[in-house]
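Student: Can you read through this structure? Questions will come right after.
Readers should treat all values here as calculations from the given coordinates under stated rules, not as data from a laboratory. What you see is a predicted model; the values in this text were computed from it and never measured. Cβ atoms come from the backbone with ideal geometry, glycine included; neighbour counts cover every protein chain shown.
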Amino acid sequence: MVVVTCDETLPVREARTGEPDAWDTLFKRYQLPLYAYVFELVRDEQAGLDIVQETFISAVRNIGRLRDDQKFGSWLFSIAHQKWIQHWRKRRPEDRLENEQAEQLIDHEFDPEEWLIRKEQEEAFMAVLNQLPLPQRSVLLLHFLEEFSLEEIASIAGLPLGTVKSRLHYAKKALRKLVEENL
Amino acid sequence: MKTPREIILQRHQNTEAKLDALRQRVLREQSEATASAPTPFTVDRPNWAGFVMRLWQELVWSCRRVWLGLGAVWLVILTLQLLGADAQAVVKSEPAPFSPSVLEIFRAQRRLAAEFNDSMPLSSPDEPLNATRPRTDRPSCRPAFA
């Protein structure tokens, strides 16, 4: 029986040897955030479940490619992100995920804890989140759900660091406007 | 008040059961796929090439540095052995020829031995030199004028 300690030492090493309990623990830890991330991008339950399943299968088959056990979470999300991109290209080949030019931005520390949403604002928060363009929504979800660093988000999404900063900046700006409007 | 993470996850909490079923299905299928995969030790279809490759990887390749070190040590020992054997072979195959002076010494010794043997009458080993004999017969007692 694999036990996850309080500091969340994930059993990645055991998973490399094919131990089923280790994989069960890892998937259980990430299944909901992973699904939430994918769903908020595809907006379809079945598609979201399919992508999560494909992500899990790919992770089991390609665990040997993971170099750093500590990066298992970002690695798993990068697989999910790629699966989402493939899904997006199949469904909407005419649309393109615009890669806007990154601006020189001040390197703000984005603290998700500073975003405390009141209950009456929750719906509005989700509405604003869903209105964001997909590129911005993607990076914002990654930062909210798993508190990935800017570098990790850049690695997951395959983007330059400046682009990630730019997208987070505009996404935060839109959300902050909502918070201020409702104060 | 909630964080954005709590809000987002809460909205998808009702999908948890489907995700549990999905997770278990994936793990079960992967376990079955691993169990049915052919191994080098399968009795029905022996895969000798795979068996040999696996032996090679586990016994040799995994500790190739150790094998290389042992090989180098043996090479050194073998080289020293061969060099030592060559030296001994050279010593045995070419005995040092006798020099002329040594041969001359042997000849001189042989001549002396022959002269010595000729001059000295051989006495019976059973009769001591001063055995009891009539005094007149003893050479040492013969009168000088006789």
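Student: Give me the number: length gained by fully extending A:R16 to A:Q131, i.e. 0.36 nm times residue separation minus the C-alpha to C-alpha distance, one decimal in nm.
Tutor: My answer for the length gained is 37.4 nm.
Student: Within the set A:K119/A:K177; A:K173/B:K2; A:K177/B:K2; A:K172/B:K2; A:K28/A:K165; A:K119/A:K173, which residue pairs have Cα atoms separated by over 23 Å?
Tutor: Over 23 Å apart, Cα to Cα: A:K28/A:K165.
Student: Read phi for every residue in the stretch A:10-25 and hand back ³J(HN,Hα) as whole Hz from Karplus 6.51 cos²θ - 1.76 cosθ + 1.60, θ = phi - 60°, with x for Gly and Pro.
Tutor: 3J(HN,Hα) across the stretch A:10-25, in whole Hz: 6, x, 6, 4, 5, 5, 4, 7, x, 5, x, 5, 5, 5, 4, 5.
Student: Turning to a different aspect of this structure: A:K173 to A:W88: extension gain in nm, 0.36 nm per residue of separation minus the Cα-Cα distance?
Tutor: Gain on stretching A:K173 to A:W88: 28.0 nm.
Student: Starting from the Cα of B:Q81, step 7 Å along the direction of its Cβ; do the same at B:R11; then give the gap between the two resulting points in nm.
Tutor: The answer from the label model is 7.9 nm.
Student: Once each part is reduced to its C-alpha centroid, what is the distance from the stretch A:115-137 to the stretch B:47-69 in angstrom?
Tutor: Between the Cα centre of the stretch A:115-137 and that of the stretch B:47-69, the gap is 57 Å.
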